[in-house]
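What follows is a set of notes on a single structure, which appears directly below.
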Amino acid sequence: MGIVEEAWERSETERILNYNVDVAAQKINLDNEMRTFLKVPFREIKVQIPLKMDDGRVEIFVGYRVQHNQTRGPMKGSIRYHPQVNLGEIRALAAAMTWKTALIGIPFGGAKGGVTCNPKAMSPGELERLTRFFVTRISDSIGPNVDIPAPDVNTNPQVMAWIMDEYSKRHGYSPAAVTGKPVELGGSAGRMEATGRGVTYLTKRAFKDKKIEIQGARVAVQGIGNVGGVAAKLLADEGCKVIAISDSRGGLYNEGGPNISRVTMHKEETGSLKDYKGADYITNEELLELPCEALIPAAMECVIMEHNAGRLKCAMLVEAANIPTSPEADNILQEKGVYVVPDILANAGGVLVSYFEWAQDLQSAFWEEERVNRKLSKMMLDAYELVKVVSEQNKVTLRTAAYAIAIEKVSKAVRLRGF
Ligand code: NAD
């Protein structure tokens, strides 16, 4: 570890990310100089956001944008609003974007942003003002050729529309400055569903590889947001039995498979899963430990850890959330024979279609959803096959193979351009 790395604020998420990078870097004999270069972010921005609340008070929020690496292209990564957002977490998620974009083969580097806030306790007006203020503070450091935000936990196409508008006020009409926008403003067909759809493609392929019959395969999904909600619906449409799904407060479980469309409607109408009739209400911990063919964490980081990994009863883990599994848990899952499809591969569909959106915006030429989904499917499955081959050839996990491929690509690009 170099002197720079010793000094800074750390998070568990960052420890996990760096561990995964180190294991892969070791496998490809990456020298220490390059290893340190690839761990230290290009730029970290931390800003104060004084916000006039609806009741007249001024509350001070803190926002972050970490830009990890721009060697292979403009940096790309989403923005989240959550009470637990901190610099270490955002730094780890920014680095994960560098590896994800390299692995899936799109010309971007990695970034991530967030504001520490509780959006559930804020009005739409407060959220709009918060977003616009955050953009004013970072607008000189983002842009179509620099760093392009997108939606994440508790942000959505409306938030992206505000970002696009605020950025455009300063820099001229710039739809390519942000992705995950409404289609009316240059968003791509299929972007909303892209991450969940990509997760579905890979889950189906992994079932096939592991000779698990998709019809009736039991799937448990943690998170009924953009990613988890879409993956659950699409897998149910494919004939899987989605036996459980949750939000931050708890989940629904029914061995027969609760009706996902009805559950989603119930959540939209009541804001909660709790009073849904026709399924048992369980905790998020219980959901993770249900016997099933596929467990899909699609909520937050660090949910599968040393303390609970031994109790998981899934045949495979498809990581739709970023960084959900610790290295200690990973080892336990490996010993149990759980097939783990790692996050930087499993959830890459979102940034992939964000790339399609950016490319469409730059050309002002828009694609039909069928074309988006066809290319999404091909590139996700190609990446999966490549990771599998590298994993088998080198007798390493899919996670180490995925990181090794990505690190090779980025480090080669760094050497070509010069540090
Ligand atoms: P979202 O805000 O739409 O949904 C998040 C879901 O997680 C909600 O259902 C929420 O209730 C639930 N949740 C929040 N805290 C929880 C907790 N402590 N325990 C259990 N559930 C909890 O967010 P999203 O866009 O669906 O993102 C989910 C995950 O997928 C995140 O890890 C995100 O980084 C990752 N991801 C998202 C995208 C994307 O395109 N949106 C792309 C790649 C990865």
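Annotations
- Charge dipole of region 255-372 (Cα centre as origin; +1 on each Lys and Arg Cβ, -1 on each Asp and Glu Cβ, all else neutral): 240 debye, rounded to the nearest 20.
- For region 267-419: accessible area per residue (Å², 1.4 Å): 44 Å²
- Cα centroid separation, region 332-354 to region 211-231: 14 Å.
- Residue ranking by accessible heavy-atom surface, 1.4 Å probe, largest first, among 99, 358 comes out as 358, 99.
- Remark: region 191-239 carries 39 Å² of accessible area per residue (probe radius 1.4 Å; ligands, DNA and RNA excluded).
- By average C-beta atoms within 10 angstrom, highest first, the peptides 301-312, 62-73: 62-73, 301-312
- Entries in 39/100; 378/409; 100/395; 241/388 that, when Cα-Cα distance is taken, lie over 18 Å: 378/409; 100/395; 241/388
- Full extension of the chain segment joining residue 386 with residue 171 gains 73.4 nm, where the gain is 0.36 nm per residue of separation less the Cα-Cα distance.
- Only Cα pairs under 8 Å and 6+ residues apart enter the sum, and on that basis the relative contact order of the chain stands at 17 percent.
- For peptides 277-288, 399-410, sequence by mean Cβ density within 10 Å, most packed first: 399-410, 277-288
- Gap separating the Cα centres of region 364-390 and region 97-161, nearest whole Å: 24 Å
- Packing, taken as the mean count of other beta carbons within 10 Å per residue, orders the peptides 48-57, 165-174, 81-90, 316-325 from highest to lowest as 316-325, 81-90, 165-174, 48-57.
- Stretched out straight at 0.36 nm per residue, the stretch from residue 280 to residue 363 would grow longer than its current Cα-Cα span by 24.9 nm.
- Model label points for residue 121 and residue 34, set 7 angstrom from Cα along the Cα-to-Cβ axis, are 4.7 nm apart.
The values are calculated or read from the model by the stated rules, or taken from the named source; none is laboratory data. What you are looking at is a predicted structure, and each value in this text was computed from that prediction instead of being measured. Note that each Cβ is placed from the backbone with ideal geometry, even for glycine, and that neighbours are counted across all protein chains shown. To get the accessible areas, we keep the full protein, side chains included, count just its heavy atoms, and leave off ligands, DNA and RNA. Shrake-Rupley method; radii C 1.70, N 1.55, O 1.52, S 1.80 Å.
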